[in-house]
Amino acid sequence: TKNGHCNVSRNHVEQGKHLGYWVSNQRIKKRKAILEQRRVDLLEQAGLEWKMYNDWEAMFALLLEFKRNNGHCNVLQYHIEQGKRLGYWVNNQRFK
């Protein structure tokens, strides 16, 4: 795999296709229980995570690791850490 994960941003375009929009729609369909189980299974086999942010503690641990490596917590909004959108998560925490 080119990026090593299936967690694409909503506006991600791959080979001219709006992959991020499509992935977002699959998550919504699963949440509404209207996505066929066969498709759920295939997406899970591919490595798709249904929740973009696993749990708060896991993201906080990534933030601590970022701080240990960089000496600060000023994570850019689009920063990816271990395949997770840490920058987006940190930005959301600022407004909660």
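Brief remarks follow.
- Helical contribution to [θ] at 222 nm, DSSP H n ≥ 4, -39,500 (n - 2.57), averaged over the chain, rounded to 500: -15000 deg cm²/dmol
- Using the average count of surrounding beta-carbon atoms within 10 Å as a protection proxy, the listed peptides 18-24, 55-61 rank, highest first, as 18-24, 55-61.
- Largest accessible area first, the residues ARG27, ARG68, ARG94 order themselves as ARG68, ARG94, ARG27 under a 1.4 Å probe with ligands, DNA and RNA left out.
- Per-peptide packing, taken as the mean over residues of other Cβ atoms within 10 Å, places 74-87, 32-45, 4-17 in the sequence 74-87, 4-17, 32-45 from highest down.
- Rounded if a/c under 1.5, otherwise prolate or oblate - the stretch 57-96, Cα gyration tensor axes: rounded
- Accessible area of the chain belonging to carbon and sulfur atoms, whole % at 1.4 Å probe: 52
- Over the chain, Cα pairs under 8 Å with separation of 6+ residues give a relative contact order of 21 percent.
- The magnitude of the dipole of the chain, with charges of +1 and -1 set on the Cβ of Lys/Arg and Asp/Glu and taken from the Cα centre, is near 360 debye.
- Gyration tensor verdict on the chain (Cα atoms; rounded if a/c is under 1.5, prolate if a/b is larger than b/c, oblate otherwise): prolate
The values are calculated or read from the model by the stated rules, or taken from the named source; none is laboratory data. Quick caveat: nothing in here was measured; it's all calculated off a predicted structure. Every residue, glycine as well, gets a Cβ built from its backbone with ideal geometry; the counts of neighbours run over all protein chains shown. Protein only, heavy atoms only, side chains kept; ligands, DNA and RNA dropped before computing areas. Shrake-Rupley method; radii C 1.70, N 1.55, O 1.52, S 1.80 Å.
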